[in-house]
Amino acid sequence: MRGRGGEHHRPGSVLKTRAPCYNPTAIQFRAPPRLVGARRLKMLARYYSCKDKTVMDFTLSEEHLMAQQMVRDFAQKEIAPTIKDWDRRHETNPAVLPRMAELGILGINIPVRYGGQGFDYITLALVCEELERVDTSLRVIMSVHMGLNSMALLQWGTEEQKQRFLVPQARGEKYAAYALTEPDAGSDPVRLRSTARREGDVYILNGEKMWISLATKAHNILVFAKTDPHAEPAHKGITAFMITRDMKGVTTGDIHGKLGVRAGSTGWIAMQDVEVPVANRIGEEGEGFYIAMSCLDNGRYTVGAGAVGLIRACLEDSVKYANERVTFGQTIGHHQLIKQKIAYMQQWYDAARLLVLRAGWMKNMGQRNTRETAVAKWFATDMSVKAALEAVQIHGAYGFSDEYNAERYLRNAKGAVIYEGSSEIQQLIQADYALGYRKDRPLRCELPAYDPEFWQSEG
């Protein structure tokens, strides 16, 4: 088969820097065994046209629905009954990560040859929606483990790095995190102060990272540090590394007292003279900023998809309450202003979901989607805050109490308009695109397009 650059590819070949597009044909492939047990179902793969990239089919395939239902059952049956207790305790349920690993969720859209389940990028969005429908802390796991770390390895890692880091992560044997933010560097990552000094076959890392999800849980951490503090422009002095939490000089701790996502793990990482092998450098020296930004394309995608789930949670809980609560002789769903709030939530859910699906479709096709992912994240997270506010209002005094879920939805929603690029940053991004000030340049390594033949092949 012929890729975009004219190269020929065959099933089982090493994944190219730029993955090929494939013409749509009906072929059969095996459903991932972890999701269907020992029985391997043969399913008809749905392909999209590489020639006409204006046509988008948002019909979910059987495999999409299968994966979605599996995750929904897990979240609703195994997490929902106790999530309030863990939220009140400000603690993470220790059974969550092992169970997600057991179900194959932690490698849902990683190729089978790299230990994953072989589903596409749209499936990742559906998984994130279902997880955040129950609690944001579940989706955060996917954002950092999958979106910010594992997908970075799929995009930028060498074959050796994929085997050493990606395979155990996709299998759920190792958990992964992403460490860019520092005490004095959030929205402006170029200000980071962590340093990496090369000495022979190792780099010596020093610095501190803050607000890092899974900081105390992850085995592998994608860290960004300055190899050239005097580089001009400054962003060209940043390099990416994979460190492990058990390396000498690495210490981690948890952050408590958060407004929301209280059942999630958030912490800090300190590095003091940490020796990191050159083989653990991701990409080239000085390429870290571009890697970090491409990671955010994937992380923002999962955040936006999760926000869709939070909007849905607000909508479904509000509809249920509106059909049960009686005032002035009738259920409150019959009151005009309650109808208005429900209508807005439905509108926000539908629009946000479509924006996320568009970004997922573009990822499947191997198209650059920085703008589309950013607008999906911006709109979905902003609307999730609005939906949560309306849900609290519909629930009245009960919405102010943790007897119901609405107040937790509101607390959780607020974080997503801040992390992975605040809503204000997203506004600037969209304005720059519209004004013609910003244009996406090709990356040395693009996120590979979804190819069912490659994704499902065991190599």
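The values are calculated or read from the model by the stated rules, or taken from the named source; none is laboratory data. Bear in mind that the values here come from a model prediction, so they are computed numbers and not experimental data. Cβ sites come from the backbone with ideal geometry, for glycine too, and all protein chains shown count toward neighbours.
For segment 173-184, check the following and say yes or no: at least one residue is farther than 20 Å from Ser150 by Cα, not acidic (Asp, Glu) and not assigned by TED's automatic domain parsing to the domain that holds Gly116.
yes
Identify, from the list Glu424, Glu453, Glu407, the residue that is in contact with a strand residue (DSSP E or B) (Cβ under 9 Å, 6 or more places away or on another chain) and either of a type in the set (D, E, K, R) or modelled with pLDDT of 95 or more (or both).
Glu453
Filter segment 107-162 down to residues that are under 14 Å from Lys174 (Cβ atoms) and free of Cβ contacts under 8 Å to residues at least 12 places away in the same chain, then give me how many there are.
0
When Ala352 is evaluated against the numbered criteria (1) crowded, with 24+ Cβ neighbours inside 10 Å; (2) more than 22 Å from Lys414 (Cα to Cα), which criterion, by number, is the only one it fails?
Every condition holds for Ala352 apart from (2).
In the list Tyr398, Tyr419, which residue meets the criterion of being of a type in the set (Ser, Thr, Tyr) and either outside the structural domain of Val326 (by TED's automatic domain parsing) or under 30 Å from Asp120 (Cα atoms) (or both)?
Tyr419
Which of the following residues is under 23 Å from His90 (Cβ atoms), hydrophobic (A, V, I, L, M, F, W, C) and within 25 Å of the chain's Cα centre (by Cα): Ala240, Ala305, Ala313?
Just one listed residue meets the conditions, Ala313.
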